[in-house]
Amino acid sequence: MAVNQIHPSLVKTAEDWASDFVARREIGKFTGGAFSRRYLENLDYLGKGPPGRVMLARKILYPKQQLIEWLNSKIQDPEKVAPPWENHG
């Protein structure tokens, strides 16, 4: 996949999501279970979470487009990732 090209499944996810924001508590639904609310809490605490988050009515929201771009940056080709049992020595 070319740099800055959004993965087709993420494009469809963005199109299917009705709002311009994704609540942190809905991240599991948005990502098909790939990410959990707690995992994003931890990443946000470490400064490694999706950019642009806002708080509204005591809820954390992520702008959909920025979240899609962040998720896209996390996609790895399984053929290029070494299995965990291989020693990276």
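We did not get these values from a lab; they are worked out from the coordinates using the rules stated. Computed from a predicted structure; not experimentally measured. Reconstructed Cβ throughout: ideal geometry from the backbone, glycine too, with neighbour counts over all protein chains shown.
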Partner lysines whose C-alpha sits under 20 Å from that of LYS29, ignoring same-chain residues fewer than 8 away, are LYS12, LYS59, LYS64, LYS74
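Which value at 222 nm does the chain reach when only helices count, each DSSP H run of 4 or more adding -39,500 (n - 2.57), with the total divided by all residues and rounded to the nearest 500 deg cm²/dmol?
On the way: 4 runs with 34 residues, N = 89.
Result for the chain: -10500 deg cm²/dmol, rounded to the nearest 500.
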Let me know the volume per residue of the alpha-carbon convex hull for the range 17-74, in Å³.
80
Each label sits 7 Å from Cα toward the beta-carbon; between ILE75 and ARG37 the label points are separated, in nm, by 2.7
Using modelled backbone amide H atoms (1.01 Å from N, in-plane), which distant-in-sequence or interchain residues come within less than 5 Å of PHE21's amide H?
LYS64
The chain: angle of helix 64-74 to the longest principal axis, Cα-based, in degrees nearest 10
10
